[in-house]
Each structure stands twice: as C-alpha cells, then as structure tokens.
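Here's the structure, in structure tokens; my notes come after.
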Amino acid sequence: MSLRFKTLQDLLAHGHDTVIDVRSPGEFAEDHIPGAINLPVLDDEERAQVGTIYVQDSPFRARKLGAALVFRNAAKHIENSLSHHDGGWRPLVYCWRGGQRSGSFSWMLQQIGWRAGLLEGGYQSYRRLVKDYLYDQKLPFRLLALDGYTGSAKTALLQRVGELGGQVLDLEGLANHRGSLLGAMAQPQPSQKGFETALALQLIGMDPLRPVLIEAESSKIGARIIPPSLWRALKCAPRIDVTAPIEARCRYLTKAYDDILSDAGGLREKLVYLRGHQAGAVIDQWFALIDQGDKARLTRALMQDHYDPSYRKSRRLNGAPAVAEVDLGQMREADLLRAARQIHHQLEGPGR
C-alpha cells in the first residue's frame, strides 16, 4: 500500500508502529525521517557497485545483481532484526525515491502477513515537505530574540528559561556549534538536511499560541544555514538585550571556551582566517598570547579587537526593536537565574 502525505505534520503523525529506512548507512546518516530505523537492503559499497555497473556496463546486469543483494539482505533483516514482531505489526517503509529498494522490501513484509505501508516518493517526498515547511511557508510563531555581545551567556539563559517553563528554540544546540569562528564542538555538526530535520521536528512540537525565545544569530551557525522562513522571522523579531561588563563576559567566555583556548594549534588555524579582516599586528599579538598560554588576556583581546566590533556592526544593520534590557551583573549563577526569571516574565508574563 503506497501512502502519500500532504504536509510534514501529516507524515510525522503517520500512525505506523515502525518506520524503516532501507537506504544505505551513509544515506541514513546524512538525514532520515525522525524515529526511523535503518535496515539497509544495500550497504554503501553494494550501492556503489550496482550504480557503477548500471552506468558503465549494463542496466540489466545492475538490476539483476541489485535484486539478488536486496533480497539476500532483506532476508537477514527478517530473520534477525524483525523476527520478534507479531502478525499485527504495521511498518512504514521508504528508500530514496520509493522505488525498487523499498518496494521489494515492503512486498516481502506483506507476503509474511505484516501490514507494511510504502512511502510514496520515499525520502525525497519527506525532504520536499521539510523544505516546504522551512523554506516556503510562513512560520506561525511569535519569536522573541535574545541579543547581546559575545560572552553574554545567551545559550545558558535559554536553557534556564526553558527550565522555568518558557518555550525556547536552541539553534546552536541543534547545529552542535557555538555560533562563532571559534564555536566548533568536539563532535561534528549534523548535515544541513539533518539540521533542518531536527529544527522542523522541534518547531512542529511547539505551541504557536505561545511566544518562542530564540538567540539572535547570523544567517549561519558554523557551516549550517538557518532556513529562510525562520531567518526572515528572526530578522524582524523584537529583541531582549542582555548586558554585562566586559570583565564578567571575559571570565565567563574563558571558562566556556576552555577546550578551544587550550588547543593552541587549532586556535591558530582558526584565527589565521581573519587575516585580511584584521591588521597583521593585531593577529600577531593574538598569537603571542597563545604562545604565552594567557587564556584570559587572549579572550579579552579577541573580544575587543574582533567580536565586539563585529557585534556593533551587525546591530547597526538590524533595525529590530529592543523591548527590554536585562543586566547580567557579574554573571554568577545567582545573576543568571535572576536574569532568566526576568526574561521568562518578559516572554510569558501578563499582557503577552
């Protein structure tokens, strides 16, 4: 039974017991329908082999080899991963286009007696729905952007507001990046498609009648691009400005970025990209502080020479109004908790 879904919300509410992605592990790792399990009927090497034969030799030979591999691998999944399911199990199966791989696998499941559904159009139909939601539709949310200089603990404040019951969207968490030149994390970022899947899933789960607190970002977080619908809404969202003295911000940032500051070689590689944007003498001074291991002075120099001027320039270009200003004091834990309560009140207090 081939199934077609008109909206992303409809697809995510599919009602099946299990979603099975039969694409190769590499395809699955890039992106997949939320909650899907990967039971590849062709692994990455087999898929490449069949594709090569199809292009360079014979489509018939490629289909013959592909069929043998698909049914062999499918049989292994039925004997192992799926052997515990009873007769009432209802899986939803998809591949890249909803063609031979998923068609063959769902047919086998149906012959056993399982009520297997086939996603019409496969992963590509899912991607079209994600793209429609994040690129073409107007998002039905009232955004409130948390804004402030680098080192203003905006991500930590988002988390605390969320713990207080506020509706928050942590883009940096979804993108696995701290949102600046030095913001890379130990684990790599998700693919752009994977980022968009995580973002769409979180947005769909939110209440459009309640405001959403989000950190003011540039159009990219590391290498990941904020999709157009969200970016358009974020650019015109009213702001809550958070402020703190540079000494407090430096202290906070030195601790938060200790992993980056402790990697002298990696730090040099990242900062060298700023040549052409900063005077040579400025970058040489940064490198001298790296050699001295003076993390605090290096952090302050980076903020004064690069991050703070960049922020002031971006704010001049953004005319979104500030609806409130929150003083973070010395950015101790008590200060952040107090600030989070103020922001939560501004977000969902009386009159909002």
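The values are calculated or read from the model by the stated rules, or taken from the named source; none is laboratory data. No experiment lies behind these values; they were computed from the predicted model shown. Don't worry about glycine lacking a Cβ; one is built from the backbone with ideal geometry, like all the others, and counts go over all protein chains shown. Please note that ligands, DNA and RNA were not included when accessible areas were found on the heavy atoms of the full protein model with its side chains. Shrake-Rupley method; radii C 1.70, N 1.55, O 1.52, S 1.80 Å.
Structural remarks
- In segment 206-352, the DSSP beta bridges split such that about 25 percent are antiparallel, to the nearest 5.
- Calculated FRET efficiency for the pair ILE37/GLN330, C-beta based, R₀ 56 Å, to 0.05: 0.70
- For segment 8-70, chymotrypsin sites (Phe, Trp or Tyr not before Pro) meeting the loop criterion (DSSP other than H, G, I, E, B) and having at most 10 other Cβ atoms within 10 Å: none.
- Take the convex hull of the alpha carbons in segment 50-116; its mean projected area over all directions comes to 4.7 nm².
- Cross-link reach is defined here as a Cα-Cα straight distance under 30 Å, omitting same-chain residues fewer than 8 places apart; for LYS76 the lysines meeting it are LYS64, LYS193.
- Relative contact order %, the chain, counting alpha carbon pairs below 8 Å whose residues are six or more apart: 17
- Kirkwood Rh and Cα Rg combined as Rg/Rh, the chain: 1.07
- Here the 3J(HN,Hα) profile of segment 164-181, calculated from phi with Karplus coefficients 6.51, -1.76 and 1.60 at θ = phi - 60°, is 7, x, x, 8, 10, 10, 9, 5, 5, x, 5, 8, 6, 7, 8, x, 8, 3 Hz, Gly and Pro shown as x.
- Per residue, the average separation of C-alpha pairs within less than 8 Å and at least 6 apart gives segment 168-290 a relative contact order of 24 percent.
- Straight Cα distances below 16 angstrom link LYS270 to the aspartates and glutamates ASP258, ASP259, ASP284, ASP291, ASP305, with same-chain residues fewer than 8 positions distant left out.
- With DNA, RNA and ligands ignored, accessible area of LYS313 (1.4 Å probe; Å², nearest 10): 120
- Antiparallel bridge percentage (DSSP; both residues within the chain; nearest 5): 10
- Along its three principal directions, the equivalent ellipsoid of segment 1-45 from the Cα gyration tensor extends over semi-axes of 22, 11, 9 Å, largest first.
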